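Structure record follows, encoded as C-alpha cells.
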Amino acid sequence: MVNVTLKQLRYFEALAHHSHFGRAADACAISQPAMSVQIRELEETLGTELFERGARQVRLTGFGEEFALRVRDILRSVDELGDLARASRERLVGRLRIGVIPTVAPYLLPTIIGKLTSLHDGLDIHVRETQTQKLIRELAEGRLDTAIVALPVSEPFLSEVALFSEDFVLVRPGEDEGKPVPSREMLREMRLLLLEEGHCFRDQALSFCNGQSARPRELMDGSSLSTLVQMVSAGIGVTLIPEMAVAVETRSASVSVARFKSPQPSRTIGMIWRKASPLAEQLLQISEVVRESAEALHGRPTSLASAPSAPGASHRASSG
C-alpha cells in the first residue's frame, strides 16, 4: 500500500499550481527546504518523479500531470467533507473562499465583508480577485467556495443566483459636461478606452457600442477602471464604467459623468458556486448579504427588472 499523506498532496498541489518552490512554500506557510523534502519523499514513495526541476521554475512531468488531476479530485472531496460538517452547524464558521471580478471587488467588498463578519462571528474570509474564467476554473478545482461575477456564466456544474442589475455610465473629460450624450453609433467613431483583453466588462461595453456592426474606430486598453478614468481626465478619450464605480473612480478626476438614453447598457451581477457544494444553503444566505450590500452602495433597492431577457439581447451586457 502506498503511504501518501494528505499533507504531501496539498504541498504537491501548491507546487503544481505555482510552479515555484518558494511561492508554493509561502502559500503553504512552510519553509522552502521543508517543501522540497516533502515533495522528494512523495516522489520516493511513488517511485517516480513528479516535477522537472529548472533553475527558476519547476514543471510537471507527464506522470505528474495525470497525478495532479487525481490529487485535485481527492483534495476537493476532502474539502467537501469539511464543508459538509460546517453545513450541519447552525451558523457558518471557518474558512470562506470568495472570488470576485475586478470591476466589482473594490466597490462592493468592503461592505460585504463588514456585514458578513458582523453576522458570522468566527468566519475566516479569503478573497480572490481575478477575471471570470479564472474564477470558474478555480471553482471547478475546489480552490474557491463561491464567486461574485457578471451573469450568465452558463456552466452546467455551477449554480447561478442573480442578485442585482446596474447601468453603465459614460465618463467624458470635464469640459464635455452638459454636451449631448452620444448614441452608441456615435461612440463607434470616438476614441474608446476599455479594459484589456480578458475582462468581461470589456466585452459588455463592446456589446453595447457595436451592436451588429464593426468594432469602434479606435480602441485603447487599460488595466483597471482607475486607469481608464484617469486617462479620460487627461483628455485621451472616453470610457464606460459600472454605476457602482462612479463615486470611487471619479472623485479625484476632472471628468463628467452622463447616462445614456434608453435602452441603457447594463449588467447583472450574481453569485455562483458548485452545484455539489454542501454549503449551497449557506451560500444562498450569503447571497442575500451581497444583495443588501449592493443596495447600500447604490443608495436604493436594486432591481433585476432590466436584466437581460436573453443572452443575445444586443443592448444588454453579456458575461465574460
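Can we say Gln230 is surrounded by 12 or more Cβ atoms within 10 Å (Cβ to Cβ) and either at pLDDT below 90 or among the acidic types (Asp, Glu) (or both)? Break it down stepwise before answering.
Values: surrounded by 12 or more Cβ atoms within 10 Å (Cβ to Cβ): yes; either at pLDDT below 90 or among the acidic types (Asp, Glu) (or both): no.
Spelling it out, it is not the case that Gln230 is surrounded by 12 or more Cβ atoms within 10 Å (Cβ to Cβ) and either at pLDDT below 90 or among the acidic types (Asp, Glu) (or both).
Among strands (runs of 3 or more DSSP E) entirely within the stretch 174-285, having at least 3 residues that are under 23 Å from the mean Cα position of the chain (by Cα) singles out 191-195, 218-222, 238-242, 266-274.
Out of Glu155, Glu160, report the one residue that is under 15 Å from Ile272 (Cα atoms), of a type in the set (Asp, Glu), touching a residue at least 60 places away in the same chain (Cβ under 8 Å) and in a strand (DSSP E or B). It is Glu160.
Each row is one residue, and each column tells you yes or no for (1) crowded, with 17+ Cβ neighbours inside 10 Å; (2) more than 20 Å from Leu135 (Cα to Cα); (3) within 23 Å of the chain's Cα centre (by Cα).
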residue	(1), (2), (3)
Leu9	yes, yes, no
Leu42	yes, yes, no
Glu49	no, yes, no
Gly62	no, yes, no
Glu65	no, yes, no
Arg97	yes, no, yes
Val104	yes, no, yes
Thr111	yes, yes, yes
Gly114	no, yes, yes
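Of all residues in the stretch 264-284, those being of a type outside the set (A, V, I, L, M), modelled with pLDDT under 90 and surrounded by fewer than 20 Cβ atoms within 10 Å (Cβ to Cβ) number 3. Selection of the stretch 165-180 for residues being touching a helix residue (DSSP H, G or I) at 6+ places or on another chain (Cβ under 9 Å) and charged (D, E, K, R) yields Glu166, Asp167, Arg172. For the stretch 48-62, the set of residues classified as assigned to a loop (DSSP other than H, G, I, E, B) and either of a type outside the set (Val, Ile, Thr) or at pLDDT below 90 (or both) consists of Glu49, Leu50, Gly54, Ala55, Arg56, Gln57, listed by residue number. Among the residues making up the stretch 29-47, those that are at pLDDT 90 or above and either of a type in the set (A, V, I, L, M, F, W, C) or in contact with a strand residue (DSSP E or B) (Cβ under 6 Å, 6 or more places away or on another chain) (or both) are Ile30, Ala34, Met35, Val37, Ile39, Leu42, Leu46.
Among the conditions (1) on the phi < 0 side of the Ramachandran plot; (2) surrounded by 13 or more Cβ atoms within 10 Å (Cβ to Cβ), Gly198 misses just one, which is (1). The residue pairs whose first member lies in the stretch 92-113 and is closer than 12 Å to Ala147 by Cα, whose second member is of a type in the set (Val, Ile, Thr), and whose beta carbons are closer than 6 Å, counting only pairs six or more residues apart or on different chains, are Leu96/Ile125; Ile98/Val127; Ile98/Thr146; Val100/Ile148; Ile101/Thr132; Ile101/Val149; Val104/Ile148.
The values are calculated or read from the model by the stated rules, or taken from the named source; none is laboratory data. This one's a predicted model, so the numbers in the text were calculated from it and none came from an experiment. A quick note on method: Cβ atoms are made from the backbone with ideal geometry, for glycine too, and the neighbour counts reach across all protein chains shown.
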